[in-house]
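These notes are about the structure you will find just below.
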Amino acid sequence: MGHPLHNGNGSSPTNGASHDNEPGPSSSSSNGHASSSSIGPGSLPPHVLGSIQHVLPPGNLMYEDDRSWNEHPDVAMADDGKEGTDDELEVEDGLSHHEGRAISRKPTQRPGVGGGRRMPVEREEAVRLILQGLRDIGYHQSADVLELESGYNLSTPHANEFQSAILGGRWSEALGLLPELGIPISSTTSEPEPASSSSSIASGKLPKSKGTNSISDQMKFLISQQKYLEYLEIGQQKKALGVLRGELNRVAKDQEVLHTLSGFMMCLDKDDLYERAMWDGAQGTSRRQLLEHLQAFISPQIMVPSRRLATLFDQARRHQQLSCLYHEEPESTSLYTDHRCESGVFPSITTHVLADHTDEVWRIEWSPDGMYLASAGKDKTVVIWQLKFTPKESGGSQYSVVPFQHLKEHSDPVDAMAWSPDGKTLVTGADKNIYVWDVKSGELRPKPSSGSQHSDTISAIQWLPDGSEFVVASMDCKVVFYTPAGNLLRQWSAGSMQLNDFVITPDGKRIVAITTPLKRVSHNDKLKQSMSARPSDESETIGPVTAIGPNGGPLAPFQYATMEHSLAMIRIADHEIIDWSQDLRCETTSIKISSDGRKIIVSCSPDEIQVWSIDPGFRYLRKHSGHVQGHFLIRSCFGAPKDRFVLSGSEDGHVYVWQGSSPNPIEVLSGHTSVVNAVAWNPVAARRIFASCSDDSTIRIWQPPLNLDEMMNIEGNGDGIKVEDDGEEDEEGMVL
């Protein structure tokens, strides 16, 4: 539950619904802000505390040798200019001691001195954070001893009183303590407004707010807002109205916020208030959240932000995970040692070469459960492969792959396909025709009607997440919706916009597409639409170059390089374009969506993969480069749990892998002998298996390495072995 109407953040509670005239329970020891002078459960008796001696180490840093490091930063670097390891730096320390720059080696030296170099940390900050951590855990006796021994207090007495006032609902006391917390009080000239009926408030007749943007006004607003809501919670509408007009109106900067707050007076009961205000009441967490928001305005020298030590631990852990090139494990990492994943768990070894195709393989798609892989291409055949679990005696596990179905009734090369969400149906697209297949039997389901709804090449097929329909886009600017059996439901005309490829968000509400505008060009004195974005030859023209124009001269050829390439987000319910990107200034070839539906990757020519956020709208994040893409259509993908990797094929015959925000690849995998057209990571990401397909007519299955004798298992048509041809391959590929 968040505190309402303040930048969308929360501010919240402990126990009791007390107000200024109804003192509630104070909370003097929660969340690491207890007063060290209070004696309560867990506190040591006074005679024990009185025996604690104050210790004052030399200097003001956490470690004595940090001062030396700070004064002589050059010794923290190894000879090669890189930061040395702890072991190397200890050797340096030993040498320098003989030269007189010594750190005391007396037996009474406190532990921790003489370790590896580090950025200096102020002792006071370290001790106060440790104090807060101890109190957060509940080790109050240890914290009491540490405060006396170190001489540092977690919070000032005024800060402790302020915390107690907020958690106890003593609002006037809390406001009176603001100057003691270093908060300058701004003067306001407006006088409190007399209370009026709640109906006049609800009607919108509020006087204009006169608040400033000063820190004190912002804090007063948060406190008065909590006070107002708590009065409403216990049914004290008249007192709430007085707070609204006499306190909130004086410090609120936004009039709309006041009107929204006034609307809460019309709530039917407490539950209605909780729901409309997104607030959980005085008995919930709202006061605790309020305190945390108020702390943002108070110097940490006076009051340490809540759970600061835990926050630093979390930041350190996240930084190590983000810095780990191969990190993909969802579980947390230890704080004892620096985290590092080994590259050996990455699927970098070809375990199977699937060679049932007789020509270029353009497309591969895993079934939703990851147990089947469909491959298609220029030979007009779709092969469905089955994944089988294979336990190993060495303790690991890998998967074998065997042919399951061969779907051969296509009349043209296949370049579009999509699995149904239940994995029982596969829809394929070849030229202008769609085919609906029963996966288990391998049978083609009868076409509902003769002829095709598409007058140009089918560019992409996707299913709605609930499996109720599948959607087909084609280069004639049509988007057609079909039933699972292939019956026409409805179709859109995209006007002059071609959808070259598209994805559907996991909620089934939006289409995200890479698009180009459909140009109209002059051809034989007539306007003719430029249809397919895939020329059948190397010339990027429509019609013969020698065509005669209206003036008797040769007609200028149509140049695809002049076409704009953009992203479009389309709401499926009313097919409205709800977001649009500017020209990407590159030729887009494919699009993939992340498993959480929040990001997309767009493959672009030349030599680029762009990463975009699509939640709530388009926002460019970064790009990856290093691969080769200039002439052929290449399909990239996300990989690993939480989509930490981006993978792509390349025209140089390699598979490239990037991690996180790294612009350069962390892996370049060899194996294919020609253009790698597509890669696809198994949807059960934890399996660590992906596939790639190529113009060399093969599909490669990549898994983590186990033993050397298990690295390669080549499966083919006849005798189970495919012999690679070392000769020169024709550079055809899937032309853009």
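The values are calculated or read from the model by the stated rules, or taken from the named source; none is laboratory data. Quantities reported herein were computed from a predicted structural model and do not represent experimental measurements. Note: ideal-geometry Cβ built from the backbone for every residue, glycine included; neighbour counts use all protein chains shown. Note: accessible area is taken over every heavy atom of the protein model, side chains too, but ligands, DNA and RNA are not part of it. Shrake-Rupley method; radii C 1.70, N 1.55, O 1.52, S 1.80 Å.
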Checklist entry - Once label points are set 7 Å from the Cα along Cα→Cβ at both T311 and E122, what is their separation, rounded to one decimal in nm? => result 1.6 nm
Checklist entry - Want the number for K642 to K408: 0.36 nm per residue separation, take away the alpha-carbon distance, what's left? => result 80.6 nm
Next on the checklist: With a 1.4 Å probe and all protein chains kept in place, how do F690, F297 rank by accessible area, largest first?
Outcome noted: F297, F690
Checklist outcome for this item: Under a 1.4 Å probe, counting only protein heavy atoms, T285 has an accessible area in Å², nearest 10, of 60 Å²
Next on the checklist: For a Förster distance of 41 Å, can you work out the FRET efficiency between the beta-carbons of E149 and V668, rounded to the nearest 0.05?
Outcome noted: 0.15
Next on the checklist: Per 0.36 nm of contour for each residue apart, how much would the distance between K388 and E180 grow if the chain were fully extended, relative to their Cα-Cα spacing?
Outcome noted: 67.9 nm
Checklist entry - Using a Förster distance of 51 Å, how high is the FRET efficiency between N487 and R585, based on the Cβ-Cβ distance and rounded to 0.05? => result 0.80
Next on the checklist: Between segment 130-160 and segment 253-301, what is the separation of their alpha carbon centroids in Å?
Outcome noted: 30 Å
Checklist entry - Using the Cβ atoms and a cut-off under 12 Å, what net charge is assigned to the surroundings of S692, where Lys and Arg are +1 and Asp and Glu are -1? => result +1
Checklist entry - Given the pairs K380/K447; K424/K623; K388/K623, which span a C-alpha to C-alpha distance of over 30 angstrom in this model? => result K424/K623; K388/K623
Next on the checklist: As a test of reading the structure, rank R619, R445, R287 by solvent-accessible area (1.4 Å probe, protein chains only), most first.
Outcome noted: R619, R445, R287
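Note the full-extension length gain between R571 and V345 as 0.36 nm times their separation in residues minus their Cα-Cα distance, in nm to one decimal.
The R571-V345 span can extend by a further 77.3 nm.
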Next on the checklist: Quick check: at a probe of 1.4 Å, how many percent of the accessible area of segment 349-495 sits on carbon and sulfur atoms?
Outcome noted: 47 percent
Checklist entry - In square angstrom, rounded to the nearest 10, how much accessible surface does Y139 have for a 1.4 Å probe? => result 130 Å²
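Top to bottom by accessible area (1.4 Å), largest first, where do K238, K447, K478 land?
Solvent-accessible surface, decreasing: K238, K447, K478.
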Item to check | Sequence-distant residues sharing a close amide H with A252 (under 5 Å, placed H) | outcome: K210, G211
Checklist entry - Between L322 and I302, what FRET efficiency follows from the Cβ-Cβ distance if R0 is 35 Å, with the result rounded to 0.05? => result 0.60
